Amino acid sequence: MLIRRPSNIRPSEITPPHVWHRRREFVQAALAAGLVGAMARGRAAAPAGTKLATRPGSYSTMEKPTPFEQVTNYCNFYEFGTDKEDPSRTAPNSLHPRPWKVAIEGEIRKPGTFDIDDLMQLAPLEERVYRLRCVEAWSAVVPWVGFSFAELIKKIEPTGNAKFVEFTTLADRKQMPGLSSGVLDWPYTEGLRLDEAMHPLTLLTFGLYGEVLPNQNGAPVRVVIPWKYGFKSAKSLVKIRFTDKQPLNSWQKAAPQEYGFYSNVNPTVDHPRWSQATERRLGEDGLFNKRRPTQMFNGYAEQVAQLYAGMDLKKFY
Ligand SMILES: Nc1nc2c(c(=O)[nH]1)N[C@H]1C(S)=C(S)[C@@H](COP(=O)(O)O)O[C@H]1N2
Ligand SMILES: [Mo]
C-alpha cells in the first residue's frame, strides 16, 4: 500500500499521521461544504488522497472494479520509467500536480490557459466505472472521476477548421526521471478525431476511486478513452490543441508498423507482438483464472461503432 501524502513537500516536512488524518477530515468536510474551489485558490490544494465530491455517471460497467492497489501500482507512465512499478515508486514524490496549468489552443474561438482548479469545475464530477484495455493484453476496471471532454469542447468553441485534438503531456526532466531515456520522443502526445473527442464516453479525468488522481495515474488531469487501447489515454496533460490535420502520436512515431492513429480495441487485428484476441484482468492472476475474450471496441461497440461506419479497421488500426 502506498503512503499517501502531499507530493509537494519534502519527507522532512511530513505532517505526523494524527495531524494529517485530521487534515483529511477537514478536507472532506470542506469538500462536502462545496469549498473545494476556495481552498484550491487559497494555497497548494488537493494533496494525494483528497476526496472528490462526485455523482454517479452514465455508461458505468457493472463489472467488479480492479483493486485500488493494482490500479495504482501496475502502471504505464514511461516518463517515470518503463517498468510497471516505476511510476508508483517515483511519481508520488517527484511529480508536483499543483500549481498546474493546461493550455487550450489551436482552432478554437476561446483559446486560453486554465488553472487546474478552474478546469475541474467546468462541469459536475461524475464517477464512471470503465474497462481499460492495454495493448499488452491486460485489462482493468477503474472507477474514474471526471466529466465528458465534450463539456470542455462546448466552452472553448471549436472553429470549422477543427478536425482533430492533440493532447500533450508534461515533459519536465526535474520531475520525470524517465525522460533521460530515449524510448519515446518527448513530450508524450496523443490524438483523436474531433467526433471521437466529442463522444460522451471520452472522459476528462481528475480522479479515481473517489479521490484525486494519484501521480502515477496521471495527476492532475488525463483523458480516458475506454474503447481505445490504454496508450491513447494521455496522462498529466499540459496542452490540448485543436488542429485541422491528423496529429502524429508518440507511439506512431516510435513504431508506425505497430501503432496507428486509431488504436481501437479490436480482437480481430493483432499487434505484431501481442495477440489482441484475449486479455488477463489485473488482480485475477493465478493458475485457474481464465483469460477473457477481448470484446470489439472493448465492449463499447453499441456506443461507438457508428463512428467508424464504412472504415476498414485493418487498414486504419
Ligand atoms: N504521458 C503518458 N501517458 C500515458 C502513458 C505514458 O507512458 N505516458 N502510458 C499509456 C498506457 S500504455 C496505458 S496502458 C495507460 C495506463 O494507465 P494507468 O497506469 O492509469 O492504468 O496510460 C497511458 N497514458
Ligand atoms: Mo498500454
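The values are calculated or read from the model by the stated rules, or taken from the named source; none is laboratory data. None of the values given here were measured: they were computed from a predicted structure. Here the Cβ is made from the backbone with ideal geometry for all residues, glycine too, and neighbour counts use every protein chain on show. Ligands, DNA and RNA are stripped out before the accessible areas are found, and what is left, the full protein with its side chains, is counted by its heavy atoms. Shrake-Rupley method; radii C 1.70, N 1.55, O 1.52, S 1.80 Å.
Per-structure values
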| quantity | calculated |
| --- | --- |
| Check on residue 267, touching a residue at least 12 places away in the same chain (Cβ under 8 Å), within 28 Å of residue 302 (Cα to Cα) and either within 13 Å of ligand 2 (Cβ to nearest atom) or not aromatic (Phe, Trp, Tyr) (or both) | yes |
| Matching residues, region 188-212, being within 26 Å of residue 47 (Cα to Cα), of a type outside the set (S, T, N, Q) and more than 8 Å from ligand 1 (Cβ to nearest atom) | 203, 204, 206, 207, 209, 210, 211, 212 |
| Filter pass, residue 228 being within 13 Å of ligand 1 (Cβ to nearest atom), in contact with a strand residue (DSSP E or B) (Cβ under 7 Å, 6 or more places away or on another chain) and under 19 Å from residue 107 (Cβ atoms) | no |
| Test set (1) touching a Phe, Trp or Tyr at 6+ places or on another chain (Cβ under 6 Å); (2) surrounded by 24 or more Cβ atoms within 10 Å (Cβ to Cβ); (3) in a loop (DSSP other than H, G, I, E, B) - residue 262 fails condition number | (2) |
| Number of the exception - residue 236 against (1) of a type in the set (Gly, Ala, Ser); (2) out of contact with any Gly (no Cβ under 6 Å at 6 or more places or on another chain); (3) modelled with pLDDT of 95 or more | (2) |
| Condition met for residue 208 (surrounded by 24 or more Cβ atoms within 10 Å (Cβ to Cβ) and either within 19 Å of residue 116 (Cβ to Cβ) or more than 16 Å from ligand 2 (Cβ to nearest atom) (or both)) | yes |
| Inter-residue pairs, beta-carbon under 6 Å, first within 6 Å of ligand 1 (Cβ to nearest atom) and in region 65-80, second part of a loop (DSSP other than H, G, I, E, B) and of a type in the set (A, V, I, L, M, F, W, C), 6+ apart | 78/183; 78/184; 79/176 |
| Among residues of region 227-245, those that are buried (at least 24 other Cβ atoms within 10 Å of the Cβ) and in contact with a helix residue (DSSP H, G or I) (Cβ under 6 Å, 6 or more places away or on another chain), counted | 1 |
| Residues of region 119-137 satisfying the condition of being assigned to a strand (DSSP E or B), near ligand 2 (Cβ under 10 Å from one of its atoms) and open to solvent by 20 Å² or more (accessible area, probe 1.4 Å) | 132 |
| Residue under evaluation residue 184, criteria (1) more than 12 Å from ligand 1 (Cβ to nearest atom); (2) aliphatic (A, V, I, L, M); (3) within 25 Å of residue 276 (Cβ to Cβ), criterion not met | (1) |
| Single residue of 252, 216 found to be without any contact (Cβ under 8 Å) to a residue 60 or more places away in the chain and in a helix (DSSP H, G or I) | 252 |
| Members of region 265-295 found to be part of a strand (DSSP E or B) and more than 20 Å from the chain's Cα centre (by Cα), listed by number | 278, 279, 280, 292, 293 |
| Complete set of residues in region 153-205 that are part of a strand (DSSP E or B) and more than 20 Å from residue 238 (Cβ to Cβ) | 193 |
